[in-house]
Amino acid sequence: MNRVASVFAITAVHTFECHRASSNASNGGESRLIRYHTGTQYDENHSQLALRVIWFSGMGEHGGAQMRTQPAEITEVKFSIHNLVTREPRAGLAEDVRRGLSSQPKRFLPKYFYDELGSQLFEAICLLPEYYLTRAENEILTRYADDIVAEIDGKITLIEMGSGSASKTRLIIEALLRQQRELLFIPVDISASALDSSSRILLQSYPQLSIDAYAGDYFAGLAELEKTTRARTLALFLGSNISNFDPDEALKFLHALRQVLHAGDALLLGADLKKDRQTLEAAYNDALGVTAAFNLNVLARINRELGGNFELRGFRHLALYNEERGRVEIYIESIRDQSVLISALDMKVDFAEGEQIHTENSYKYDLSDIANLAAETGFTRGRTWLDSEERFSSNLLLAV
Ligand code: AVI
């Protein structure tokens with residue numbers, strides 16, 4: 001086993017233990033940092049190496065947690081995760097579900113799609129023939145990553161908002177490592193476990209990489225990043241994740257991101273483009289029913305986590321392009337009159353036949369929308385790259 005592989009074989013065990021511990025413990029730790037160190041004086045003794053895993057505390061994805069292993073010696077830090085998740089995730093779900101099902105029309109927040117099953121379903125969506133977005137962005141980054149990074153001067157630090165599995169990020173990382181000898185990568189993602197596994201895989205692939213990760217929502221991550229200084233920065237916001245923000249949220253998000261950057265830094269923004277209704281509706285209503293499962297999984301999640309009794313076959317998935325508002329609207333529709341009980345909320349919810357729960361919007365852009373968004377948030381739109389079918393755009397927004 002080579003040195004890096006050995007280090008991460010050990011940290012994988014530790015991470016698992018941390019997560020198991022986190023599901024039973026209560027919150028209260030002051031520190032929220034997981035660090036993995038590689039030792040300069042490395043040997044193959046697992047227990048010695050495990051001592052170099054620093055400490056973990058604060059609120060994990062599954063609830064509170066404290067676990068500390070003090071370092072035997074501090075050497076080169078290759079990987080840190082700052083855990084910014086401060087409240088018990090199930091409490092947030094319960095509050096938001098109560099509010100959403102009490103409002104008129106009923107609605108859910110799209111962030112609740114992404115439990116473990118929902119995240120896997122989203123990965124499957126990205127492989128669907130109808131969901132062209134992922135392939136189109138991959139095509140652009142495969143073809144133009146060198147041109148993109150060449151637009152920015154100096155030694156670059158890479159930030160990524162919502163990095164997930166970081167698969168497209170690899171194309172940018174590789175382009176940067178053709179241009180500079182080492183790279184600091186700062187991913188921000190709500191899922192500590194996704195950050196942990198994707199970071200370990202990246203570190204195994206690229207020995208020139210160091211990772212300083214933030215587990216938390218975008219705004220918590222940006223607030224932390226604002227307190228730190230760094231070299232010339234390229235930020236990534238890929239996958240058209242901007243699509244799931246309403247226009248005022250998109251402005252707020254880009255504005256917060258701009259506060260973290262300095263003039264001369266840049267943001268690479270992936271944005272899906274406006275196009276014909278048929279293509280858009282097919283992308284969100286695939287023949288295999290994966291997007292339907294992704295959408296209905298929110299009801300299954302309420303059954304699992306809040307003791308609901310939604311009968312999934314009593315509801316159907318809908319995806320409609322609202323051309324006037326430039327967005328695909330996703331709904332769950334009740335196919336009959338029915339009532340649902342949610343025991344953790346002590347709540348009974350009535351649905352009329354045809355009544356809808358609005359679960360997501362996916363906004364589509366044209367290049368002038370992107371230029372306007374940039375201008376309103378302290379950027380200018382620099383170069384834009386399109387895929388060969390001109391369905392998707394990668395836009396370099398320059399901080400001014
Ligand atoms: C994550 N986001 C960019 C996806 C989109 O295309 O709006 C979420 C999605 N919802 C259904 N399919 C994909």
Selected residue (criterion: nearest to residue 161 (Cα to Cα)) from residues of the range 175-200 that are without any contact (Cβ under 8 Å) to a residue 60 or more places away in the chain and hydroxyl-bearing (Ser, Thr, Tyr): 198
Conditions (1) over 29 Å from residue 380 (Cα atoms); (2) in contact (Cβ under 8 Å) with a residue 24 or more places away in the chain; (3) within 15 Å of the chain's Cα centre (by Cα): number failed by residue 116: (2)
Which listed residue is in the same structural domain as residue 151 (by TED's automatic domain parsing), of a type in the set (A, V, I, L, M), over 22 Å from residue 393 (Cα atoms) and buried (at least 17 other Cβ atoms within 10 Å of the Cβ), from 257, 236, 195: 195
Given (1) more than 23 Å from residue 400 (Cβ to Cβ); (2) more than 16 Å from the ligand (Cβ to nearest atom); (3) hydrophobic (A, V, I, L, M, F, W, C); (4) not in a helix (DSSP H, G or I), number of the condition residue 158 does not satisfy: (1)
Those residues of the range 360-391 which are closer than 30 Å to residue 106 by Cβ and either part of a strand (DSSP E or B) or without any contact (Cβ under 8 Å) to a residue 40 or more places away in the chain (or both), in sequence order: 360, 361, 362, 363, 365
Check on residue 221, touching a Gly at 6+ places or on another chain (Cβ under 6 Å), outside any loop (DSSP other than H, G, I, E, B) and either on the phi > 0 side of the Ramachandran plot or crowded, with 17+ Cβ neighbours inside 10 Å (or both): no
Every pair of residues 6+ apart whose Cβ atoms lie under 7 Å, when the first sits in the range 79-92 and is at pLDDT 75 or above while the second is buried (at least 17 other Cβ atoms within 10 Å of the Cβ) and in a loop (DSSP other than H, G, I, E, B): 82/32; 83/32; 84/32; 84/216; 85/61; 85/216
Qualifying positions in the range 241-275 - free of Cβ contacts under 8 Å to residues at least 12 places away in the same chain and within 16 Å of the ligand (Cβ to nearest atom): 249
Residue count for the range 256-271, restricted to those that are of a type outside the set (Gly, Ala, Ser), over 17 Å from residue 176 (Cβ atoms) and part of a loop (DSSP other than H, G, I, E, B): 1
Filter result for the condition that a residue is under 27 Å from residue 386 (Cβ atoms) and of a type in the set (Phe, Trp, Tyr), over 214, 284: 284
Residue 354, sole failed condition from (1) assigned to a strand (DSSP E or B); (2) away from the ligand (no atom under 16 Å from the Cβ); (3) of a type outside the set (Lys, Arg); (4) not assigned by TED's automatic domain parsing to the domain that holds residue 245: (1)
Breaking point among (1) within 30 Å of residue 252 (Cβ to Cβ); (2) touching a residue at least 60 places away in the same chain (Cβ under 8 Å); (3) surrounded by fewer than 19 Cβ atoms within 10 Å (Cβ to Cβ), for residue 322: (2)
Check on residue 140, in a strand (DSSP E or B) and among the β-branched types (Val, Ile, Thr): no
Number of the condition not met by residue 120 [criteria: (1) within 14 Å of the ligand (Cβ to nearest atom); (2) modelled with pLDDT under 95; (3) closer than 23 Å to residue 203 by Cβ]: (3)
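The values are calculated or read from the model by the stated rules, or taken from the named source; none is laboratory data. Nothing here was measured: the structure is a model prediction, and the numbers come from that model. Quick reminder, even Gly has a Cβ in these numbers, built from the backbone with ideal geometry, and neighbours come from all protein chains shown.
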